[in-house]
1. Checking A:Phe126 against (1) aromatic (Phe, Trp, Tyr); (2) more than 10 Å from chain B (Cβ to nearest Cβ); (3) open to solvent by less than 10 Å² (accessible area, probe 1.4 Å), only one condition comes out false. Which one?
2. For the stretch B:355-387, how many residues are crowded, with 24+ Cβ neighbours inside 10 Å, of a type in the set (Val, Ile, Thr) and within 13 Å of B:Tyr427 (Cα to Cα)?
3. Would you confirm whether or not the stretch B:82-98 contains a residue that is closer than 18 Å to B:Phe387 by Cβ, at pLDDT 95 or above and within 16 Å of ligand 2 (Cβ to nearest atom)?
4. Of the conditions (1) open to solvent by less than 10 Å² (accessible area, probe 1.4 Å); (2) of a type in the set (Gly, Ala, Ser); (3) over 21 Å from B:Ala356 (Cβ atoms), B:Gly260 satisfies every one except a single condition; which number is it?
5. Could you run through the stretch B:1-32 and say how many residues are hydrophobic (A, V, I, L, M, F, W, C), more than 23 Å from B:Ile434 (Cα to Cα) and modelled with pLDDT of 95 or more?
6. Would you pick out the residues in the stretch A:11-26 that are within 7 Å of ligand 1 (Cβ to nearest atom) and without any contact (Cβ under 8 Å) to a residue 24 or more places away in the chain?
7. Return yes or no: is A:Ala85 more than 14 Å from chain B (Cβ to nearest Cβ), away from ligand 1 (no atom under 15 Å from the Cβ) and under 30 Å from A:Ser321 (Cα atoms)?
8. Can you list residue pairs whose Cβ atoms sit under 7 Å apart, with the first residue in the stretch B:93-111 being within 9 Å of chain A (Cβ to nearest Cβ) and the second being of a type in the set (Phe, Trp, Tyr)? Count only pairs 6 or more apart in sequence or on different chains.
Amino acid sequence: MSGNSILPKVIDDATCPGCALLCDDLRLTIEGERLTNVESGCAHGRAWFAKANIAPNTPIRVGGQAADLNAAIARAAEILTEAHAPAIWGLAQATIETQRVAIALADHTGALVSIEGQDTSSLRAFQRVGEISASFGEVRDRADLIVYDAVENPHLPERFVERFAMPLPGRAIVWIGSEEAAREFGIEPNLVVTPLIGGQTSFYQGLRAIVREAVVDLTRVSDACGVEIETLTQFATRLKEARYGAFVRCGLGANEVLAEAKFKLVRDLNSFGRFVITHAGSKFSNGAGARAVLTWQSGSAGETDFGPGIPRYVPCDGLQSRLDAGEIDALLELAPSGQSPAQGRSIPRIVIRADIDPLPDTNAEVEIPTACPAIDEGGNMLRVDGVMLPLTPIFPGRRITQVEVLRLILARLQETTR
Amino acid sequence: MSLLKIANGYVVDPSNGIDDVRDLWIENGKIVAPPNDPGVRPDRTIDATGDVVMPAGVDIHCHIAGSKVNTARAMRPEEVRRGGAVNRTDVLRSGTLGSMPSTFTTGAKYAGLGYGTAVDAAIAPLAARQTHFELADTPIIDKAFLLLMGNNHYVMNCVRESADAQLRSYLAWVLNASKAFGIKVVNAGGVEVWKAGKGRVSTLDDLVTGFDVTPRAILTALTSAVDDLGLPHPVHIHGQNLGLPGNADSTLELMTAIDGHRAHLAHIQFHSYGGDLKTMSSRVDVLADYINSHDRISVDVGQVMFGETTSMTADGAVGQFLHKVTGRKWYSHDVELETGCGVVPITYDNKNLVHALQWAIGLEWFLRVDDPWKIALSTDHPNGGSFLAYPQIIALLMDRGLRADTLATLPEKVRERCPLGDFSREYSLTEIAIITRSGPARLLGMKHKGHLGVGADADITIYRPDADKARMFSLPRYLIKTGRVVLDDGELRSAEEGNLLHVAPERDSEHEQKIKTWFNDHSTMRFANYAMRENEVPQAAVVASGEQQS
Ligand code: SF4
Ligand SMILES: [Zn+2]
């Protein structure tokens, strides 16, 4: 500790926005203006919090030149006013508070809203058949069978197992995916089933048929999914015999039909014991929150166009296709990554992002670096299983926040409308 | 602050026994006495000559927020599309309709019906935080919500140990922490049993696996605890066997079991059936007799209206049952330590005997309960239908001809199995005012709502009399909310956020340490992150708890 007598400050039960698990049991130690220790978090979470000490202090820019906040707000408002078809993109790592104002801004400007990293295939499958789910505590406390769905680009947050799925006597673990991947994530399964990537739909549809004792050509299923008949039937029996099974999806739904096959299998397993399907969560800390806010404000959970003066769900005519068609003429981006779906296009972009990583020039017309949730911005985020958690900022008030910036833009727009 | 006068209206204010032409004066959001000085000029006068003036409506039981409602919105784009959308205006955000309107639309549509307050009847404590955000985006009306406690593990542990003081402390803590208004019980213990995959609970004396308690014990402990805490609203109960033919016996047993306590039984229509799947019939007679002869129990109806809607309940088993019966999509979500949740689309079809019976049985309830103060209008929105159907229900209650006409279009067997056609009773305006505002406000213990006496919240609706009662009640001329003219001669003028009403019973800090330890051992979130923080609910307003009520 330095010579002055500032006592270290400890924040207990801090929420980590390092990924969608939002672990809220971290202990942070702060000495003066520095975060000096992070306990309980995983390596990724600790690395994430370590950025609290970096503070790149990227300047506000308008047209590539350093500018003051007022000028940036004015220019952003001007771009949005002049646009005929603006869009707002990102949101998946912003707080609920920011998301609420962002959707208000979309409503006001008639923008298309698109949430970064959304699993639209799963959303559409959910809209067709529903979903049988549970909060993670149910999985932790009840599951006697945990099935990891990890065939394609699996992603399992580091603390998922530790927090919700510890191996226990009487709890069987099945890994659907490759043995190497299971090892990589430190899972020691009782059974590994490895369907072909392209054979997954047949695999789940076949399992469902076996479970329901429907007429099914097992040879065809086996050929299509690359899993032996015996393994298929054994696995089906195991699924049926579970008292409380949990099917944990690790990664995005590759396509709607496959996602639907999984939802239906899990649903129908509830005719035997209990079975739920959950998602282990992605790197987008508050993608679930973005979807929830958009849904309660607009009635629509997916890409939504406020252009007609009403919210319109446009599942087949979203941001990417409109960008490709040249129909979007301004983009407001709310994502810390600096990656843009409109990179290289000649439309004005407004980037409002948590200034956490030093980024190369974003080439945006307006760039407003802001505070970062959980570091110098409070607010709330929604865990993937529907549990909302508050953030406890380490350095509150240090920089202007995203929600404040959006409010200023909205206020400016409302002034000009009057 | 400006002074508003509503002049010369026909004032229907049953709580104060008023049913005549008079003026009302409003200042600072409250009803005030007429000024002594006849020279005082109001800043604005609304001429209500020939109009009917009532307190604004109070909905005692609906589902308008929280993860269950919101996930239902996300799951049903086809229903959102069917319902249509509402354009953004200078005062109101855009939104969508259907059986689960988006938040801004929900607030505006309640206001548009002349309602000033709505209570969401089923929020899991773990979902309280999201609920507050949704309700903050639900403008104009005042809002409150009830916490699901009938399958809560801590509660059931207390019941098993007969730890009454501990139970009271827990309820006091959770109500304060989540800024909720009251306690709801959904299928006591039965949701836990279903979640655990142990089948169904169908009687009050079945055992809740893992907890060694019975639904009866849970119900009696909670009703006593709520009375002891002096909460303004008694325990709000969703009984057993919802929607199942033959369930009236268990409903009667439930009424008997809580005898002597205050209690409110929700959507009673869904719990009033005799017979079996083939012979289902009305048993309102016995149940309404019980209500008529007991003073501490009230009901809301949960009226079914024909058309498309969405069923949603904390009773997970009901979701599964409806999915099996209808084959439609099913969302279920188990909430750790607390509750379940089931959502299934449903179409009430007037050619379907069961649905037609449900419609008739609901109306029979309104007509059989002698004292309108004991029965509140609800559709269990959106379960039986949308709150937007309230004017049509009012019309059915006020006009026996309309009832007979509708009944005649239903399957023949309805008339054999439900005596609705035998009732000639027609509701008066006063009785309508009671079941839609004064009664619910009184049952909720909201002393400042549901009446127009001096000191009451100036939540006032002005209707233009119309022979077409459905039209009259769907198009109020004015809504004054907290003294502000929100609906001005049919035009929506503003959509500011209303209050979030909650209780704040006295806490027991010593016991809270135990709760904290238990919570941290069992929840997947930390105790420190559970309670709503300072300033997170800026519109929060406390409704005082009273004396011990038992
Ligand atoms: S698992 Fe995710 S939320 Fe938890 S500590 Fe690691 S990065 Fe943070
Ligand atoms: Zn209900």
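The values are calculated or read from the model by the stated rules, or taken from the named source; none is laboratory data. Bear in mind that the values here come from a model prediction, so they are computed numbers and not experimental data. Virtual Cβ from ideal backbone geometry, glycine too; neighbours counted across all protein chains shown. These area figures cover heavy atoms from the full protein model, side chains too; ligands, DNA and RNA do not enter into them. Shrake-Rupley method; radii C 1.70, N 1.55, O 1.52, S 1.80 Å.
1. (2)
2. So the count comes out to 1.
3. No.
4. Every listed condition holds for B:Gly260 apart from (1).
5. Filtering the stretch B:1-32 down to residues hydrophobic (A, V, I, L, M, F, W, C) leaves B:1, B:3-4, B:6-7, B:11-12, B:18, B:21, B:24-26, B:31-32.
Now narrow it down to the ones that are more than 23 Å from B:Ile434 (Cα to Cα): B:1, B:3-4.
Pick out the ones that are also modelled with pLDDT of 95 or more and you get B:3-4.
Of the residues in that region, 2 qualify.
6. Matches in the stretch A:11-26: A:Leu26 only.
7. Working: more than 14 Å from chain B (Cβ to nearest Cβ): yes; away from ligand 1 (no atom under 15 Å from the Cβ): yes; under 30 Å from A:Ser321 (Cα atoms): yes.
For A:Ala85, the condition - more than 14 Å from chain B (Cβ to nearest Cβ), away from ligand 1 (no atom under 15 Å from the Cβ) and under 30 Å from A:Ser321 (Cα atoms) - is met.
8. Partner pairs satisfying both residue conditions: B:Arg93/B:Phe104; B:Ser94/A:Phe306; B:Gly95/B:Phe104; B:Ser102/A:Trp296; B:Thr103/A:Trp296.
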